[in-house]
Ligand SMILES: Nc1ncnc2c1ncn2[C@@H]1O[C@H](COP(=O)(O)OP(=O)(O)OP(=O)(O)O)[C@@H](O)[C@H]1O
């Protein structure tokens with residue numbers, strides 16, 4: 001990626017998002033999460049009504065700049081009720097801290113929601129499952145974006161509704177559109193590969209949703225989790241293997257296996 005000294009100004013202009021002066025962000029902040037790339041705080045911003053979440057990223061090298069640019073680019077493309085909205089970016093130049101200012105999800109992550117409200121009513125779980133599928137379907141089918149980091153801590157809930165977040169690992173394949181116009185199950189384009197991987201992650205999330213608890217590594221293995229194999233095969237051969245294209249098992253919502261989440265048996269695509 002070509003990064004020049006004006007990279008920060010450029011991403012705001014190119015992506016049509018607000019460059020929020022740092023002074024406009026309230027200094028009083030509550031830490032609400034952290035991940036590989038930074039700390040997330042709940043606070044307010046004088047330019048935006050209500051609470052906001054800010055993701056603070058310390059830019060120490062070129063790679064951090066590239067990651068920040070990618071996250072802002074992909075996230076700002078995504079405007080949908082099932083996706084956390086990005087409001088703008090900000091920076092504290094003296095400390096080399098850069099910020100993504102976004103919509104605040106007041107009910108936290110899907111994982112926390114499930115553990116706090118266990119057991120969640122079946123109808124409610126199905127409603128949430130459909131909303132997650134809607135968000136992923138939008139990313140894949142409308143924007144040619146693969147999220148690449150879908151799990152129950154990146155699925156947030158605001159006022160009881162799903163909001164997908166964290167585009168730090170996401171990739172947009174919109175410029176490759178011509179290469180996968182006719183994509184089908186045998187297409188071995190990178191987009192198809194990552195899309196299948198997202199759908200696998202969706203299956204894992206739905207399993208967590210159906211059981212109202214995190215699925216252990218042991219359980220995933222016993223359910224013949226394909227992700228690791230797929231990634232290895234893809235990396236080694238550069239090809240999409242048929243192995244990835246096996247449908248996921250249906251995720252049952254009750255023990256007598258009468259009801260399952262339809263999204264699994266009738267894929268969203
Ligand atoms: N908009 C938001 N509203 C409420 N909480 C949020 C929001 N964004 C992030 N969080 C909280 O902060 C945590 C970390 O955020 P995020 O996943 O974006 O950071 P990351 O550094 O990219 O993490 P990862 O290690 O998953 O890549 C989330 O799991 C969630 O608890």
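Read-outs: derived from the displayed coordinates by stated rules, not from any lab. In this text, all values refer to a predicted model and were calculated from it rather than measured experimentally.
What to note about this one:
- Cα-based shape type of region 6-103, given that a ≥ b ≥ c are square roots of the gyration tensor eigenvalues and the cut on a/c is 1.5: rounded
- Rounded, prolate or oblate (a/c below 1.5 giving rounded, otherwise prolate when a/b exceeds b/c) for region 68-109 by Cα gyration tensor: oblate
- Fully extended contour minus Cα-Cα distance, from residue 23 to residue 58, at 0.36 nm per residue: 10.8 nm
- Seen through its C-alpha gyration tensor, with square-root eigenvalues sorted a ≥ b ≥ c, region 81-182 comes out oblate because a/c lies at 1.5 or above while a/b is not bigger than b/c.
- Normalising the Debye intensity of region 24-157 to I(0), with uniform scatterers on Cα atoms only, and taking log10 at q = 0.15, 0.21 Å⁻¹ returns -0.81, -1.41.
- For region 125-165 and region 34-99, distance of Cα centres in Å: 19 Å
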